[in-house]
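The values are calculated or read from the model by the stated rules, or taken from the named source; none is laboratory data. Remember, it's a predicted structure, so these values are computed and weren't measured experimentally. Positions of Cβ are backbone-derived with ideal geometry, glycine not excepted, and every protein chain shown enters the neighbour counts.
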């Protein structure tokens, strides 16, 4: 079959075949989790960008799209974030090491270890503190709103 004879039904170059301007929706939490999972599986794409600083965490931007940023955070031993929240849903995964999380909620305080190779979702309104309790650096990978700074 000669594919040159098949009409192009995708109408490349147009968002909408009727000329309407379509608003792009932000990615879903599931799409963010898939991005983090896929990027975590390709350390060759980002490992060369990891930078270590004993005084403070290093945030390494990895780009992004659709109003969503991707970044690495390199946590020095003993560092503590202080209580903070996020503007929207943030998806993260510990790549190297382990972090301790303390979460504040209306029903109390909860603590848990965040270990490598698990994708986690932190929803908007999630107030927490992260600590690197180990003797070595920890590295996390994140996806979330581009303006999220925590």
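Observations on the model:
- Residue tally, condition free of Cβ contacts under 8 Å to residues at least 60 places away in the same chain and either in a loop (DSSP other than H, G, I, E, B) or within 24 Å of residue 31 (Cα to Cα) (or both), over region 75-89: 4
- Filter pass, residue 72 being part of a strand (DSSP E or B), in contact with a helix residue (DSSP H, G or I) (Cβ under 8 Å, 6 or more places away or on another chain) and either over 16 Å from residue 33 (Cα atoms) or touching a residue at least 40 places away in the same chain (Cβ under 8 Å) (or both): yes
- Selection of region 91-109 for residues being closer than 18 Å to residue 142 by Cβ and either in contact with a helix residue (DSSP H, G or I) (Cβ under 8 Å, 6 or more places away or on another chain) or without any contact (Cβ under 8 Å) to a residue 12 or more places away in the chain (or both) yields 91, 92, 93, 95.
- Which numbered condition residue 112 misses (of (1) without any contact (Cβ under 8 Å) to a residue 24 or more places away in the chain; (2) touching a helix residue (DSSP H, G or I) at 6+ places or on another chain (Cβ under 9 Å)): (2)
- Considered as a group, the residues in region 70-91 that are crowded, with 19+ Cβ neighbours inside 10 Å and modelled with pLDDT under 90 include one that is nearest to residue 43 (Cα to Cα), and that residue is 91.
- There is no residue in region 37-48 that is in a loop (DSSP other than H, G, I, E, B), surrounded by 10 or more Cβ atoms within 10 Å (Cβ to Cβ) and at pLDDT below 85.
- Lone unmet requirement of (1) at pLDDT below 85; (2) under 26 Å from residue 133 (Cα atoms) for residue 11: (2)
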